[in-house]
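Undergrad: After the structure tokens below, expect a handful of questions from me.
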Amino acid sequence: MIQLQNVSKVYRTDRIETTALEDVNLTIEEGAFVSVMGPSGCGKTTLLNLMGLLDEPSQGTVHLDGTPINGGSEKHKARIRNRTAGFIFQNFHLISDLKVVDNVEIPLLYRSMSAKERRQAALQALDKVGLASRVHHYPTQLSGGQQQRVAIARAIVGRPKVLLADEPTGNLDSHNGEEVMGILETLNKEENTTIVMVTHDDRLGQRTQRTIRMFDGRQVH
Ligand SMILES: Nc1ncnc2c1ncn2[C@@H]1O[C@H](COP(=O)(O)OP(=O)(O)O)[C@@H](O)[C@H]1O
Ligand SMILES: [Mg+2]
């Protein structure tokens with residue numbers, strides 16, 4: 001489902017060059033639930049961004065859902081990204097002046113669907129995360145755990161094959177973190193969604209099928 005071959009990523013600013021990833025090789029099979037762990041700054045977010053085509057490698061090749069991505073136009077990549085991958089972030093990234101249901105519909109705006117179909121899909125996704133009764137609330141009227149569940153609904157509304165979650169429980173207490181983890185596990189089991197989750201929580205890491213450990217931009221075996 002996701003393949004990285006000899007992938008390196010170097011960030012260049014005026015004076016400093018940072019090697020965020022160095023010669024990473026990995027394959028993530030369809031239907032896998034994989035965690036990514038390692039200290040702050042070791043390249044976890046960079047890795048996820050490359051997998052989800054939010055960024056380009058400096059060297060090497062990224063395949064997402066069988067398609068090699070290198071060199072494609074922005075439009076082509078945006079299209080594959082929108083259909084294939086859903087993103088979940090530590091800070092939820094919801095739009096505060098949109099209602100819950102409108103937040104969830106956002107990824108569908110780039111598809112040819114009627115307003116009615118979009119609404120139906122959003123309500124279904126919100127139902128899956130247990131928030132059917134909160135669709136007309138605004139994000140600030142919800143708890144952190146509920147906001148993250150809205151973000152999950154938004155990530156899955158377009159039925160992506162892959163979910164990329166960057167410390168999805170990092171801002172949640174253990175109860176809400178458990179709820180989010182439970183939803184991800186259900187999506188993985190029941191819908192065969194491939195999930196890559198960055199976490200600092202060993203107990204959550206142990207519940208995934210495999211842990212990719214990173215240190216200083218490299219995989220640690
Ligand atoms: N846009 C950027 N420009 C310059 N350096 C960056 C950028 N993004 C990340 N970095 C650097 O790349 C390294 C890896 O960052 P990141 O992938 O965010 O690590 P992690 O998610 O594991 O904390 C860090 O040293 C960070 O400072
Ligand atoms: Mg990070």
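The values are calculated or read from the model by the stated rules, or taken from the named source; none is laboratory data. Keep in mind it's a predicted model, so treat the numbers as computed, not measured. All Cβ positions, glycine included, derive from the backbone under ideal geometry; neighbour counts span all protein chains shown.
Undergrad: Within the range 128-146, track down each residue that is within 18 Å of ASP173 (Cα to Cα), hydroxyl-bearing (Ser, Thr, Tyr) and either modelled with pLDDT under 95 or not in a helix (DSSP H, G or I) (or both).
TA: SER143
Undergrad: Among the residues of the range 20-40, write down those that are away from ligand 1 (no atom under 13 Å from the Cβ) and among the acidic types (Asp, Glu).
TA: ASP23, GLU29, GLU30
Undergrad: If you don't mind, there's one more thing I want to ask. Failed condition for SER8, given (1) surrounded by 15 or more Cβ atoms within 10 Å (Cβ to Cβ); (2) under 30 Å from VAL129 (Cβ atoms), with all others met?
TA: (2)
Undergrad: Return the total of residues in the range 152-183 being within 16 Å of ligand 2 (Cβ to nearest atom) and outside any loop (DSSP other than H, G, I, E, B).
TA: Final tally of qualifying residues: 3.
Undergrad: Output the number of residues of the range 41-65 satisfying the condition of being at positive phi, near ligand 1 (Cβ under 8 Å from one of its atoms) and surrounded by 21 or more Cβ atoms within 10 Å (Cβ to Cβ).
TA: Residues flagged as at positive phi, near ligand 1 (Cβ under 8 Å from one of its atoms) and surrounded by 21 or more Cβ atoms within 10 Å (Cβ to Cβ) within the range 41-65 amount to 1.
Undergrad: So if I check each of HIS136, HIS93, which one is within 17 Å of the chain's Cα centre (by Cα) and surrounded by fewer than 16 Cβ atoms within 10 Å (Cβ to Cβ)? Even if it seems obvious, please write down each step before you answer.
TA: Working: HIS136 fails: within 17 Å of the chain's Cα centre (by Cα).
When all the criteria are applied, what remains is HIS93.
Undergrad: Separate question: Tell me, which strands (runs of 3 or more DSSP E) lie completely within the range 1-120 with 3 or more residues that are touching a helix residue (DSSP H, G or I) at 6+ places or on another chain (Cβ under 8 Å)?
TA: Where strands (runs of 3 or more DSSP E) fall fully within the range 1-120 and carry at least 3 residues being touching a helix residue (DSSP H, G or I) at 6+ places or on another chain (Cβ under 8 Å), they are 2-12, 17-28, 33-37, 85-88.
Undergrad: Continuing with this model, one more query. Against the conditions (1) within 16 Å of ligand 2 (Cβ to nearest atom); (2) aliphatic (A, V, I, L, M); (3) over 25 Å from ASN6 (Cα atoms), where does MET197 fall short? Just the number, please.
TA: If we test MET197 against (1) within 16 Å of ligand 2 (Cβ to nearest atom); (2) aliphatic (A, V, I, L, M); (3) over 25 Å from ASN6 (Cα atoms), just (3) comes out false.
Undergrad: While we're looking at this one, here's another question. Quick check on the range 66-90: of everything there that is charged (D, E, K, R) and surrounded by 14 or more Cβ atoms within 10 Å (Cβ to Cβ), which residue is nearest to the chain's Cα centre (by Cα)?
TA: ARG81
Undergrad: Oh, and also: Quickly run through the range 165-181 and pick out the residues that are surrounded by fewer than 18 Cβ atoms within 10 Å (Cβ to Cβ) and under 16 Å from the mean Cα position of the chain (by Cα).
TA: Selection gives GLY170, ASN171.
Undergrad: Can I ask one more? If you go through the range 106-153, how many residues are closer than 12 Å to ASN82 by Cβ and touching a residue at least 12 places away in the same chain (Cβ under 8 Å)?
TA: 5
Undergrad: Then there's this: Scanning the range 57-78 for residues that are in contact (Cβ under 8 Å) with a residue 24 or more places away in the chain and charged (D, E, K, R), which turns out farthest from ligand 2 (Cβ to nearest atom)?
TA: Across the range 57-78, the extreme among qualifying residues is ASP65.
Undergrad: Here is a further query. Would you check if there is a residue in the range 111-127 being within 14 Å of the chain's Cα centre (by Cα), modelled with pLDDT under 95 and under 19 Å from LEU163 (Cα atoms)?
TA: no
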